[in-house]
Amino acid sequence: MLCPKWINTNIVFDEIFYEYCGVYVCDYKQNINSTWWIVRAVVEVKTIVKNTLSKPIITDPTYDLLTLEVELGKSLTLECKAYFGFERNFNPVIKWYVEDTELNTEELIQENKSINKVEWKNIHSIAYLKEVTKKDLLRNYTCFAQNSVGNTTVTIKLKQKRGGLFKYILFGTTITLVVILMASAFIYRYWVEIVLLYRTYQAKDETLEDRKEFDAFVSYAKHDSFDNLDPSSPNEESFALDLLPKVLEKKYGYTLCLFERDVIPGGAYTEDIVRIIKQSRRVICVLSPNYVNSPSVFELQAAVNLALEDQTLKLILIKFSSFKEPDSLPHRVKKALTVLPTITWKSSKSAPSNSRFWNCVRYHMPVKTHQGLRGKGFKIFSGILS
């Protein structure tokens, strides 16, 4: 500390410490003409750190992390942290830039933030990728830090996460299985309607040139075979004589054979039944307790025997009401009742002509081109959607 120039007073510090900073005052007293005067010198002292002799040190990413695993399609944050030593004229540079396979470089959009100390400063540079693509996996990403002494860089590459790929595969497989299961359930539930829709527009008429007269012969229990008939409830005879022709003939254009309506009386019953079945493409059997316990079951037996000889002849079994098979039924008839598909009549639920019951009956009927059916294709499709 230097006092007035005519007197030298020095304070010597062997080593400077931070706490030595402050305001230093030197007072000198002098008597002039019997009056004491005070001469004062004031000096403010600031301590500073010596300029660094080192280049910046990149602390993140480290040299051990030269490959970064990422997920395709996800966003990515790249953070570069660098340690800068003290400089009086501090002008640091820290940034991310990317280099492609053709060695073209491009600086990434980024933001910086810093933490200050007296001796040093930590600066973070953060860059963002909105979405990682396969193209990004081929690039080099470099963190660059520079001060007046020199610069330091760390380069990393992006690598696709195995777990990420597995997740995509697992997710895709799960979605595929769910779609397949839903489609399978839909097809299983509406298979009949789908087939009918296809037949309406694409299927070939199988009744052409088969030299058969009827689409189906209807076999049912005759009125005189009933022991206890309740006139208030619908019976298989009214179902066979009224409802079946009303729906299958008038609405869908099939040709049915009803024994009482279409067969001229006078011939042998058994011979007439065999002849009619041979002239029919299907045999519709309306099953009930009255049917299996009446002579009408002969028609079912004849149809089973003839179907074994004629592959184009098929049986359509309609379970009109529950019944117990009598022991007297022939073995082939019992086997047919067990093996052949059966359509169950559910009274008022099955009565509407667009019900699933009639769709199932039509599904088993021969494929037949009928102009009136084409207009019903849209109704079938609407029924599936509803």
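The values are calculated or read from the model by the stated rules, or taken from the named source; none is laboratory data. Keep in mind that this is a model prediction, so the values were computed, not measured. Reconstructed Cβ throughout: ideal geometry from the backbone, glycine too, with neighbour counts over all protein chains shown. The protein model used for the area step is the full one, side chains on, heavy atoms only, and it has no ligands, DNA or RNA in it. Shrake-Rupley method; radii C 1.70, N 1.55, O 1.52, S 1.80 Å.
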Original post:
From the residues in the range 61-81 that are at pLDDT 85 or above, open to solvent by 50 Å² or more (accessible area, probe 1.4 Å) and not polar (S, T, N, Q), which one is farthest from PHE13 (Cα to Cα)?
Top reply: LYS74
Subject >> Residue list for the range 156-194, restricted to those being under 30 Å from TYR97 (Cα atoms) and modelled with pLDDT of 90 or more >> reply: ILE156, LYS157, LEU158
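Test of understanding: among LYS335, LYS319, LYS376, which residue is modelled with pLDDT under 90 and either of a type outside the set (A, V, I, L, M) or in contact with a strand residue (DSSP E or B) (Cβ under 8 Å, 6 or more places away or on another chain) (or both)? Spell out how you get there, then give the answer.
Working: LYS335 fails: modelled with pLDDT under 90; LYS319 fails: modelled with pLDDT under 90.
The match here is LYS376.
Just a yes or no: is a residue in the range 98-111 open to solvent by less than 60 Å² (accessible area, probe 1.4 Å), charged (D, E, K, R) and in a loop (DSSP other than H, G, I, E, B)? Let's see the steps before the verdict.
First, the residues of the range 98-111 that are open to solvent by less than 60 Å² (accessible area, probe 1.4 Å): 98-100, 108, 110.
Among the residues that remain, those that are also charged (D, E, K, R) are: 99-100.
Filter once more, keeping what is in a loop (DSSP other than H, G, I, E, B): 100.
Checking the range 98-111: at least one residue is open to solvent by less than 60 Å² (accessible area, probe 1.4 Å), charged (D, E, K, R) and in a loop (DSSP other than H, G, I, E, B).
Here are some residues: LYS74, LYS55, LYS113. Which one is more than 30 Å from LYS161 (Cα to Cα) and either of a type outside the set (Asp, Glu) or out of contact with any strand residue (DSSP E or B) (no Cβ under 6 Å at 6 or more places or on another chain) (or both)?
Working: LYS74 fails: more than 30 Å from LYS161 (Cα to Cα); LYS113 fails: more than 30 Å from LYS161 (Cα to Cα).
Selected residue: LYS55, the only one of LYS74, LYS55, LYS113 that is more than 30 Å from LYS161 (Cα to Cα) and either of a type outside the set (Asp, Glu) or out of contact with any strand residue (DSSP E or B) (no Cβ under 6 Å at 6 or more places or on another chain) (or both).
Does ASN89 satisfy the condition of being loosely packed, with under 14 Cβ neighbours inside 10 Å and assigned to a loop (DSSP other than H, G, I, E, B)? Reasoning before the result, please.
Working: loosely packed, with under 14 Cβ neighbours inside 10 Å: yes; assigned to a loop (DSSP other than H, G, I, E, B): yes.
So ASN89 passes the test.
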**OP:** Give the residues of the range 122-170 that are open to solvent by 60 Å² or more (accessible area, probe 1.4 Å) and among the aliphatic types (A, V, I, L, M), sorted by residue number.
**Re:** LEU138, VAL149, LEU165, ILE169, LEU170
**OP:** Residue by residue through the range 112-154, note down the ones that are of a type in the set (A, V, I, L, M) and in a strand (DSSP E or B).
**Re:** ILE115, ILE123, ILE126, ALA127, LEU129, ALA145, VAL154
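Taking the conditions exactly as written (without any contact (Cβ under 8 Å) to a residue 12 or more places away in the chain and under 28 Å from THR52 (Cα atoms)), does ASN104 satisfy them or not? Even if it seems obvious, please write down each step before you answer.
On the way: without any contact (Cβ under 8 Å) to a residue 12 or more places away in the chain: yes; under 28 Å from THR52 (Cα atoms): no.
No, not satisfied.
With the range 272-370 as the region, which helices (runs of 4 or more DSSP H) entirely inside it contain at least 3 residues that are farther than 28 Å from ASP210 by Cβ and of a type in the set (Ser, Thr, Tyr)?
Values: elements: 289-292, 297-309, 331-339, 356-364.
Passing ranges: none, list empty.
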Original post:
List, please: which pairs have Cβ atoms under 6 Å, are six or more places apart or on different chains, and start with a residue in the range 241-255 that is at negative phi and in a helix (DSSP H, G or I) and end with one that is modelled with pLDDT under 90 and open to solvent by less than 60 Å² (accessible area, probe 1.4 Å)?
Top reply: VAL247/SER353
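Looking only at residues that are among the aliphatic types (A, V, I, L, M) and out of contact with any Ser or Thr (no Cβ under 9 Å at 6 or more places or on another chain) in the range 317-342, which one is nearest to VAL247 (Cα to Cα)? Before the answer, list the steps.
Kept after step one, since they are among the aliphatic types (A, V, I, L, M), are these residues of the range 317-342: 317-318, 329, 333, 336-337, 339-340.
Checking which are out of contact with any Ser or Thr (no Cβ under 9 Å at 6 or more places or on another chain) leaves us with 329, 333, 336-337, 339-340.
On the way: LEU329: 31, VAL333: 28, ALA336: 26, LEU337: 25, VAL339: 27, LEU340: 23 Å.
Here the answer is LEU340.
Is it fair to say THR369 is hydroxyl-bearing (Ser, Thr, Tyr) and modelled with pLDDT under 90? I'd like the intermediate steps shown before the answer.
Details: hydroxyl-bearing (Ser, Thr, Tyr): yes; modelled with pLDDT under 90: yes.
For THR369, the condition - hydroxyl-bearing (Ser, Thr, Tyr) and modelled with pLDDT under 90 - is met.
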Original post:
Quick one: in the range 210-228, which of the residues that are under 16 Å from VAL286 (Cα atoms) and assigned to a loop (DSSP other than H, G, I, E, B) is modelled with the lowest pLDDT?
Top reply: PHE226
